[in-house]
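The values are calculated or read from the model by the stated rules, or taken from the named source; none is laboratory data. Since we're looking at a predicted model, the values are computed, not measured. Counting neighbours? That spans all protein chains shown, and the Cβs are built from the backbone with ideal geometry, glycine included.
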Amino acid sequence: MANYRNVSVAFWTDPKVVDEFTPEDRYIYFYCLTNPHTNLCGCYEVSVKQIANETGYNEDTVRRLLKRLDKDHDVIRYSATTKELLVLNWYRYNWSASEKLNKPLLDGICAVKNDGFREYLADRYNERDSVTQPYDGRVEARHREAAALPVPASDDARPGGAPPPEKQVKHKYGQYGWVRLTDAEYSRLTADLGPEELQRCITYIDESAQSNGNKNKWKDWNLVIRKCNRQRWGISRYGAPASQAQGALEDLQVLHRQFSEEG
């Protein structure tokens, strides 16, 4: 971890900061950008109690200010369950196109416990021009196994003494049941991709996993589906086949016709 963080002097003249942030907002946001827990990927673990100790605010004030930065200003996200803080635009000012950043960024992203935060960072990582090894569920699985990362536990110290949230159940999708998604993941995918495209991706991925016993070792099905959509898996130049096998067959048929006509 670096001993210092670069923050542009334009922070103090940014119209959003000047017009919308209170002095308390500016102070806590500046803390989010420069505190000793920050890392390269812009998502780090820090508890409300730690923030209170380091800023001088009490814990209720910290929760209120973090909520303002999240809901009102849309510049951070905070997970009370995993005690992780995500700075949304961190990548714009702290990442570059250098290939030297690929491995440390990938390591940092794979260590993120919150699924939504990890998905957001994975999308930003895959958008970089210098990426030679894209992030997907297989990469994360290998990193977690290598580092022996524990399964995130629920936050027992929740505001108001509320019980920790129940573990979200993952339901099986597809004819063979390889694809597993929580209700929240399925709803978000439906909203982002549309029901028809989501079903196409589920069918393609489910059949692919069934055909080879999931030799790709896919685990994060939510990210695999998004990658299927982004990279247009299973869609040839000549149409949108319903399955991997059908797509390959149609491509061969088209090529055969082309060679026949040329002959």
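Table for the structure above
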item: Subset tally (residues that are surrounded by fewer than 18 Cβ atoms within 10 Å (Cβ to Cβ) and not basic (K, R)) for the range 40-54; result: 6
item: Any chance I76 is over 20 Å from the mean Cα position of the chain (by Cα) and crowded, with 18+ Cβ neighbours inside 10 Å; result: no
item: E59 vs. criteria charged (D, E, K, R) and either touching a Cys at 6+ places or on another chain (Cβ under 8 Å) or closer than 30 Å to N102 by Cβ (or both); result: no
item: From P15, P104, P36, P23, residue being surrounded by fewer than 16 Cβ atoms within 10 Å (Cβ to Cβ) and closer than 22 Å to D220 by Cα; result: P104
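Residue-wise test of (1) of a type outside the set (K, R); (2) modelled with pLDDT of 90 or more; (3) surrounded by fewer than 14 Cβ atoms within 10 Å (Cβ to Cβ).
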{"site": "D192", "(1), (2), (3)": "yes, no, yes"}
{"site": "L198", "(1), (2), (3)": "yes, yes, no"}
{"site": "Q210", "(1), (2), (3)": "yes, yes, no"}
{"site": "K217", "(1), (2), (3)": "no, no, yes"}
{"site": "S236", "(1), (2), (3)": "yes, no, no"}
{"site": "S243", "(1), (2), (3)": "yes, no, no"}
{"site": "H256", "(1), (2), (3)": "yes, no, yes"}
